[in-house]
1. Step by step: first the residues of the range 247-273, then only those that are within 29 Å of the chain's Cα centre (by Cα), of a type outside the set (Ser, Thr, Tyr) and under 25 Å from Arg208 (Cα atoms), then the one that is surrounded by the fewest Cβ atoms within 10 Å (Cβ to Cβ). Which residue is that?
2. Just for the range 96-127: of the residues that are of a type in the set (Ser, Thr, Tyr) and more than 28 Å from Phe330 (Cα to Cα), which one is modelled with the lowest pLDDT?
3. Whether any residue in the range 54-72 is under 11 Å from the mean Cα position of the chain (by Cα) and either within 15 Å of the ligand (Cβ to nearest atom) or crowded, with 24+ Cβ neighbours inside 10 Å (or both) is what I want to check.
4. Among Val270, Val306, which is the only one that is of a type in the set (A, V, I, L, M, F, W, C) and within 30 Å of Trp435 (Cα to Cα)?
5. If we only count helices (runs of 4 or more DSSP H) wholly inside the range 142-236, which ones have 2 or more residues that are more than 16 Å from the ligand (Cβ to nearest atom) and within 22 Å of Ile264 (Cβ to Cβ)?
6. Please go through (1) away from the ligand (no atom under 12 Å from the Cβ); (2) within 21 Å of Ile144 (Cα to Cα); (3) in contact with a Leu (Cβ under 9 Å, 6 or more places away or on another chain); (4) of a type in the set (Val, Ile, Thr) for Thr259 and return the number of the only condition it doesn't satisfy.
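The values are calculated or read from the model by the stated rules, or taken from the named source; none is laboratory data. Only a predicted model underlies this, so the values are computations on that prediction, with no experimental measurement involved. Ideal geometry is used to build each Cβ from the backbone, glycine not excepted, and the neighbour counts take in all protein chains shown.
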Amino acid sequence: MKKHMTFITVFLCLCLAVSCFSACGKKSEKPAEDKQKTEEKSESDIQSPSVCGKLSVEGTQLVDEKGKAVQLRGLSTHGLSFYPQYVNEELFDQFRHDWKANVIRLAMYTAESGGYCTGGDKEYLKNLIRSGVEYATNQDMYVIVDWHILSDSNPNQHKAEAIDFFAEMSKEFSDHNNVIYEICNEPNGGTSWGEIKSYAQEVIPVIRANAPDAVILVGTPNWSQYVNEAAADPITGYDNIMYTLHFYAATHKDDLRNTMTAAIDAGLPVFVSEYGICDASGNGGIDEAQANAWVEIMNQYNVSYVAWNISNKNETSAIFKSTVEKTSGFTEEDLSDSGKWLYHTLAGDASLSGSGKASSTNSSSKAPASQSGSPNASIQNGDIEVTAVLSNSWESNGRQFYQYTLTVKNTSKQPCKSWETDLKFSGDISLSDGWNGQYSVRGNTLHISSVSYNGQLTAGGSTQDVGFIISGAAGLKIQ
Ligand code: IDC
């Protein structure tokens with residue numbers, strides 16, 4: 001990997017002789033010995049690709065290569081286009097090692113604003129999926145590629161695009177044993193099981209051509225609740241098919257649990273690829289008693305379950321508090337009530353320290369597989385050192401897009417109250433997205449300044465998760 005050391009940047013670090021608040025990202029660390037114990041115990045418990053290998057379906061049960069029952073438990077992203085910042089390997093590392101999750105679901109809306117079939121940037125979205133699959137693979141996790149239909153109630157509405165999408169993705173991931181394909185999140189609006197089945201019968205062979213054994217998840221009518229209809233008339237002719245059931249615990253209770261167990265008892269392999277512990281809007285109050293009743297029955301039936309959603313959106317189902325802007329290294333106080341419940345449900349009684357197993361691994365410096373040559377930059381200017389990592393790059397409508405993640409470090413002996421910088425590129429740029437900073441563009445220069453919660457840096461302290469997406473000419477680099 002080629003490293004470019006460039007430094008035409010201007011940094012103003014307004015250093016004040018005031019000490020930094022503890023809110024500067026200080027993490028509460030557990031004693032090393034303690035951590036070691038948790039790690040050892042959990043590793044043997046986690047059913048990961050390195051242990052279980054390629055999964056398949058036997059009867060109603062997901063099983064590993066040796067035929068042993070497997071239960072996947074993990075988290076779903078929110079819509080990839082809405083919260084791209086959470087597709088990062090440090091976070092997946094934390095989910096895998098601290099939260100003990102063994103699966104991540106990559107939810108790509110097909111029809112909402114910026115959806116794949118409604119004007120969204122297809123290359124950008126596919127690159128987020130490529131990165132997500134790569135990070136999950138590096139972290140020894142299973143990963144679900146979710147064609148997230150919702151406002152487009154009937155999957156047949158965008159069937160042609162689904163076929164193209166799954167043909168391309170399954171070809172790219174044909175050498176992976178950890179990728180699961182979910183072909184229609186939640187059919188609704190009166191879409192019948194017959195219509196879903198006919199869609200599935202066209203999409204499944206497309207995936208099978210490249211991934212002959214991959215597990216494929218098929219949605220069911222009425223927002224993936226009527227698994228009884230699939231049980232009465234399952235898809236035939238293909239192995240390794242599972243049917244999804246989704247619940248939101250404050251809305252869906254005994255009735256839907258009974259529907260689930262009856263379908264399994266009737267021989268249907270069921271996978272809970274999405275659930276929340278609040279109401280079906282993804283918001284409202286939490287019903288912990290119902291949530292625990294669901295977990296109990298899913299564990300009893302060894303059903304896999306994936307929680308909605310990895311974001312800090314101001315809604316109950318988001319696992320991070322809406323005031324928390326970091327994108328990795330989460331501590332327990334960063335979590336919403338849903339996040340806390342989920343963390344303890346997945347990880348047990350451990351306390352969340354904010355470090356992953358390999359927090360020293362700068363995994364984001366690994367460029368996605370699809371990318372060659374990585375014009376990353378490590379820049380020292382005055383008292384500030386910035387490491388800029390090109391985490392993604394793609395072409396769309398004749399323009400090249402570049403996604404960067406920065407670490408900003410105060411190398412002086414004084415704390416600072418705010419910081420700002422100009423990043424100069426080899427050509428003119430335009431900004432398409434930015435997080436954890438204030439951004440403005442003039443010609444080839446991107447001006448970035450700190451926001452209220454990440455300006456204060458202790459002497460030697462740093463802030464991560466500052467990131468942006470720009471577009472410009474092919475081959476654009478930081479100068
Ligand atoms: C919700 C999101 C919310 C978003 C909305 C529409 O939480 O922020 O505004 O979608 O895009 C589902 C869907 C899932 C929903 C979720 C909560 O699969 O996309 O997310 N939900 O409403 N099914 C039942 C609930």
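1. Val272
2. Filtering the range 96-127 for residues of a type in the set (Ser, Thr, Tyr) gives 109-110, 113, 116, 118, 124.
Subsequent filtering for residues that are more than 28 Å from Phe330 (Cα to Cα) retains 110, 113, 116, 118.
Details: Thr110: 98, Ser113: 90, Tyr116: 98, Thr118: 96.
Result: Ser113.
3. In the first step, residues of the range 54-72 are kept if they are under 11 Å from the mean Cα position of the chain (by Cα); the result is none.
No, every residue in the range 54-72 fails to be under 11 Å from the mean Cα position of the chain (by Cα) and either within 15 Å of the ligand (Cβ to nearest atom) or crowded, with 24+ Cβ neighbours inside 10 Å (or both).
4. Values: Val270 fails: within 30 Å of Trp435 (Cα to Cα).
Within the list Val270, Val306, the selection yields Val306.
5. Numbers: elements: 159-172, 193-208, 221-224, 227-232.
Fully inside the range 142-236 and qualifying: 193-208, 227-232.
6. Only one criterion in (1) away from the ligand (no atom under 12 Å from the Cβ); (2) within 21 Å of Ile144 (Cα to Cα); (3) in contact with a Leu (Cβ under 9 Å, 6 or more places away or on another chain); (4) of a type in the set (Val, Ile, Thr) is unmet by Thr259, namely (2).
Rundown of residues vs (1) touching a His at 6+ places or on another chain (Cβ under 7 Å); (2) away from the ligand (no atom under 16 Å from the Cβ); (3) part of a loop (DSSP other than H, G, I, E, B), yes/no style:
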{"site": "His252", "(1), (2), (3)": "no, no, yes"}
{"site": "Glu274", "(1), (2), (3)": "yes, no, no"}
{"site": "Ser281", "(1), (2), (3)": "no, no, yes"}
{"site": "Trp294", "(1), (2), (3)": "no, no, no"}
{"site": "Ile297", "(1), (2), (3)": "no, yes, no"}
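Conditions (1) more than 16 Å from the ligand (Cβ to nearest atom); (2) over 22 Å from Phe82 (Cα atoms); (3) of a type in the set (D, E, K, R); (4) buried (at least 21 other Cβ atoms within 10 Å of the Cβ), marked per residue:
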| residue | (1), (2), (3), (4) |
| --- | --- |
| Asn309 | no, no, no, yes |
| Asn312 | no, no, no, yes |
| Glu315 | no, no, yes, no |
| Lys321 | no, no, yes, no |
| Val324 | yes, no, no, no |
| Phe330 | yes, no, no, yes |
| Ser336 | no, no, no, yes |
| Lys340 | yes, yes, yes, no |
| Thr345 | yes, yes, no, no |
